[in-house]
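Each remark here refers to the structure printed beneath this line.
The values are calculated or read from the model by the stated rules, or taken from the named source; none is laboratory data. Since the model is a prediction, treat every value here as computed from it, not as a measurement. Every residue, glycine as well, gets a Cβ built from its backbone with ideal geometry; the counts of neighbours run over all protein chains shown.
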Amino acid sequence: MIRLKIDHGKCTGCQECETACSMKHYTNEVNPKKSRIRVFEDEEEQRFFLIIAGPTTTAECTSKFDVVIAGQQYDGCTLCRSSCPARPWFTEPDTGVALKCDFCGDPPDPHCVKVCEKGALSIMEI
Amino acid sequence: MEAWMGKILRVNLSYGDYHIEEIDPDYLRPYLGGRGLGSKILYDEVDPQVDPFSPENKLIFMTGPLTGTGAPCSSRYMVITKSPLSGTIACSNSGGFFGPELKFAGYDGIIFEGVADEPVYLWINDDEVEIRSAAEFWGKTTHETEDFIRAKIENKYLAKEIRVASIGPAGEKLSRIACVINDKNRAAGRSGVGAVMGSKKLKAIAVRGTGKIMLPDKEAFHKAVLHARDVIRAGPVTGEALPAYGTAVLVNIINEAKILPTNNWQVTYFETANKIAGETIAETILKRPKGCFACPIACGRLTEISDPQNTGMGSPKYFKGEGPEYETVELMGASCGIDNLAAITKANYLCNEMGMDTISAAATVATAMELYEKGYLPEKDLGLKANFGNADALIILTEKMGKREGIGDIMAEGGYRLAEQYGHPELFMGVKKLEAPAYDPRGVQSMGLQYATSNRGACHVRGYAIANEILGVHVKTDPLITEGKAEMVKTFQDITAVIDSSGLCLFVALATNFLYEEIQSLINAASGAGYTVDELVSIGERISNLERLFNLKAGLTKADDTLPKRLLEEPGGPKGDVCRLNEMLPEYYQLRGWDENGVPTTDKLSGLGLQ
């Protein structure tokens, strides 16, 4: 099975993966808000988080609680990577349709991996 | 035409209303977008003689066709207005994520007119545009402002996605060196554009966009993007030096060339420069490089320092932020005789939070230090002993400048007005009242001509001749001779105008052979507009001439195309030379098609369609 491997330490937050993803999945347009991969910045820790609209587990959602990391309170829900009707990440802003990473087809050829200059993204077989 | 959104938001702050205008493609095409389009609008709509702080002056935010497309380094937007610092056309450029977000919201730019009665900020969420009260956070820093606007939004997901451009206390208090800060640490820095924003009582712009930028053919565009990225990766400056060490990689290079302004340009070599160089930053305070939107270079530096003023009593206090960049570290460092990296970084953070241009702020401190050392500026006015090398003085004076307290009140007016107040304007190192960046033209002649003729005053990013003279990016030239420099400066100035108008970052031009052809292929692939290289070349020339016309009508003359006395008369640099401006300036005028007074001829103007 193909998965995307993320090295958060290498990400510089440039969002090129977002533009590449949206360009790949839509006809002649660029729109990061329709990307299946999103970049968020943690200002306190001075690092970037890449989140992919990955596969969900069959288990019930258990992440809707506050997480405390280094004294800072986070909403666990915002960190979840699955498509969810309750949140705008990974749903089309205009239609509400859920977005899901498809590794850019078969054989897998993810555009986000191709454009990541710093090598934060790679494909791996598990 | 794709790539452009085709719409501009016009906001009248006096009446508190707005409307959306379509851009006429025929009006747009000869100016491309960004700097070109913004300057054209300012030129057409604002009397160049206007008082920059009056309601008649306009403040224009403008993106380019490539902004937000995902082309490499396509993050830029411009802020265009009449400068309160220099009286020239002001046009400051910034990266980050604000510009692209504005385009995703559906607008190429925003024009602000009039003056609001009470402090306001502009809220844009796609089609939802609203002028809201900023009374609650007027007086706050740029960082506090951004946090405050986010915190007020009920929908926490939406709050995460907005991008904010704002001014700090410096802009509110009409400091002539105030800048506009977006994404907390990216600055449209020069020419005092933040003060114009403050005069309009406009505290911030918050924008979120969920829309799309159209492309004529995504496969062709993707191909052009990948090629441009290959070119950027292959360049030694853009592919290796900047990603690893940021812009401060220049410190040691410029110091070795003996053109590193030290002690307010009295000397051009700094013994302990390595302590403030990019290599040292990478080893000590750097947490992570940060890229602007779609940037493969990522020259931004996320840094952390412990409090330089904490002498070990109690627990150390830590500060986090972004920077310092080359100009900042050099002018706050060597030019103030300081090699304390933590202190420089702290002063840099302060500038970002207060909303002050780091180049102008640092140069003003350096001017104050020389005035103090020479006995022209008494200690009782300063409130401290401001010797060169005094790191505490740098931090304290920066803070005072931001708040306009004590001596900070006159310093906030910029270096020229400070030096003039104390009777020694010759100690101000700048042109057209804009403080000079950190390359001494006595050792790199072309930069002297560039400082003297740039349309916004002493500026390095209107024609970065250092690329060839020192770095040898496209071709290595001899920086000590004046032959051929007029043409070189003109060429650099014109291509820079095109890059600034396209929405690309100027750093693409630091990649070997990233010239008109590369820019053309990106713009055409994104827009389908079919620009020819000749057309782009003439766009660059047109913008340079248009800005010149604005300045001439504003009352500037040939006499303003000059350099500080120190650079023209006191020998310095690697060979103890002066800047031989008089050898280059007449040739430059001639190449530009201007008469001996630097006024564009009728022929030139009609050739460019400016009549």
Given the conditions (1) surrounded by fewer than 24 Cβ atoms within 10 Å (Cβ to Cβ); (2) in contact with a helix residue (DSSP H, G or I) (Cβ under 6 Å, 6 or more places away or on another chain); (3) of a type in the set (A, V, I, L, M), report the number of the one that B:ILE89 does not fulfil. (1)
Considering segment A:27-48, residues that are among the β-branched types (Val, Ile, Thr) and more than 7 Å from chain B (Cβ to nearest Cβ), and then whichever is farthest from A:GLN73 (Cα to Cα), we arrive at A:THR27
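To keep it simple, each residue is scored yes or no on (1) in a loop (DSSP other than H, G, I, E, B); (2) more than 14 Å from chain A (Cβ to nearest Cβ).
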position: B:HIS143; (1), (2): no, no
position: B:ILE149; (1), (2): no, yes
position: B:GLY171; (1), (2): no, yes
position: B:SER175; (1), (2): yes, yes
Out of (1) in a helix (DSSP H, G or I); (2) under 27 Å from the mean Cα position of the chain (by Cα), what's the single condition that is false for B:GLU136? (2)
Qualifying positions in segment B:203-228 - assigned to a strand (DSSP E or B), touching a helix residue (DSSP H, G or I) at 6+ places or on another chain (Cβ under 8 Å) and within 12 Å of another protein chain (Cβ to nearest Cβ): B:ARG208, B:ILE213
Within 14 Å of another protein chain (Cβ to nearest Cβ) and either in contact with a Gly (Cβ under 8 Å, 6 or more places away or on another chain) or crowded, with 19+ Cβ neighbours inside 10 Å (or both): does that describe B:SER74? yes
Here is a list: B:ASP183, B:ASP230. Which entry is closer than 17 Å to B:ALA298 by Cα and surrounded by fewer than 20 Cβ atoms within 10 Å (Cβ to Cβ)? B:ASP230
For segment B:586-604, how many residues meet the condition of being over 17 Å from B:ASN455 (Cβ atoms) and in contact with a strand residue (DSSP E or B) (Cβ under 7 Å, 6 or more places away or on another chain)? 1
Are any residues in segment B:442-452 over 11 Å from B:PHE492 (Cβ atoms) and not in a loop (DSSP other than H, G, I, E, B), and if so, which ones? B:GLN445, B:GLY448, B:TYR451, B:ALA452
Every residue from segment B:553-581 that is surrounded by fewer than 17 Cβ atoms within 10 Å (Cβ to Cβ), closer than 17 Å to B:GLY593 by Cα and not hydroxyl-bearing (Ser, Thr, Tyr): B:LYS558
Flag for B:SER14 being hydroxyl-bearing (Ser, Thr, Tyr), assigned to a loop (DSSP other than H, G, I, E, B) and under 21 Å from the mean Cα position of the chain (by Cα): no
Does B:PRO30 satisfy the condition of being at pLDDT 95 or above, in contact with a helix residue (DSSP H, G or I) (Cβ under 8 Å, 6 or more places away or on another chain), under 28 Å from A:CYS112 (Cβ atoms) and not polar (S, T, N, Q)? no
Output the number of residues of segment B:177-193 satisfying the condition of being hydrophobic (A, V, I, L, M, F, W, C) and assigned to a strand (DSSP E or B). 5
So for segment A:35-55 (the condition being within 14 Å of the chain's Cα centre (by Cα), at pLDDT 90 or above and assigned to a loop (DSSP other than H, G, I, E, B)), does at least one residue qualify? yes
Going through segment B:582-607 in order, the residues found to be exposed (fewer than 12 other Cβ atoms within 10 Å of the Cβ) and of a type in the set (Gly, Ala, Ser) are B:SER606
If only one of B:VAL196, B:VAL231 is within 14 Å of chain A (Cβ to nearest Cβ), of a type in the set (Val, Ile, Thr) and not in a strand (DSSP E or B), which one is it? B:VAL231
Regarding segment B:234-242, can at least one residue be identified that is at negative phi and in a loop (DSSP other than H, G, I, E, B)? yes
Taking B:GLU130, is it part of a strand (DSSP E or B) and out of contact with any Pro (no Cβ under 7 Å at 6 or more places or on another chain)? yes
Of the residues that sit in segment A:1-17 and are in a loop (DSSP other than H, G, I, E, B) and more than 7 Å from every other protein chain (Cβ to nearest Cβ), which one is surrounded by the most Cβ atoms within 10 Å (Cβ to Cβ)? A:CYS11
Please work out which residue is surrounded by the fewest Cβ atoms within 10 Å (Cβ to Cβ), limiting yourself to segment B:454-480 and to residues that are closer than 21 Å to B:ALA90 by Cα, out of contact with any helix residue (DSSP H, G or I) (no Cβ under 6 Å at 6 or more places or on another chain) and in contact (Cβ under 8 Å) with a residue 40 or more places away in the chain. B:HIS460
Test: B:LYS156 is within 14 Å of chain A (Cβ to nearest Cβ) and touching a Ser or Thr at 6+ places or on another chain (Cβ under 9 Å): yes
The one condition A:GLY119 fails out of (1) in contact (Cβ under 8 Å) with a residue 12 or more places away in the chain; (2) surrounded by 14 or more Cβ atoms within 10 Å (Cβ to Cβ); (3) within 13 Å of chain B (Cβ to nearest Cβ) is (2)
Being under 28 Å from B:LYS287 (Cα atoms) and modelled with pLDDT under 85 narrows A:ALA59, A:ALA70 down to just A:ALA70
Taking the residues in segment B:12-63 that are within 18 Å of B:LYS200 (Cα to Cα) and among the aromatic types (Phe, Trp, Tyr) as candidates, determine which candidate is surrounded by the most Cβ atoms within 10 Å (Cβ to Cβ). B:PHE61
Conditions (1) touching a strand residue (DSSP E or B) at 6+ places or on another chain (Cβ under 6 Å); (2) at the interface with another protein chain (Cβ under 7 Å from one of its Cβ atoms); (3) surrounded by 22 or more Cβ atoms within 10 Å (Cβ to Cβ) -> A:ALA20 fails only (1)
Residue in segment B:270-303 that is nearest to B:ASN255 (Cα to Cα), counting only those that are more than 14 Å from chain A (Cβ to nearest Cβ) and part of a loop (DSSP other than H, G, I, E, B): B:PHE270
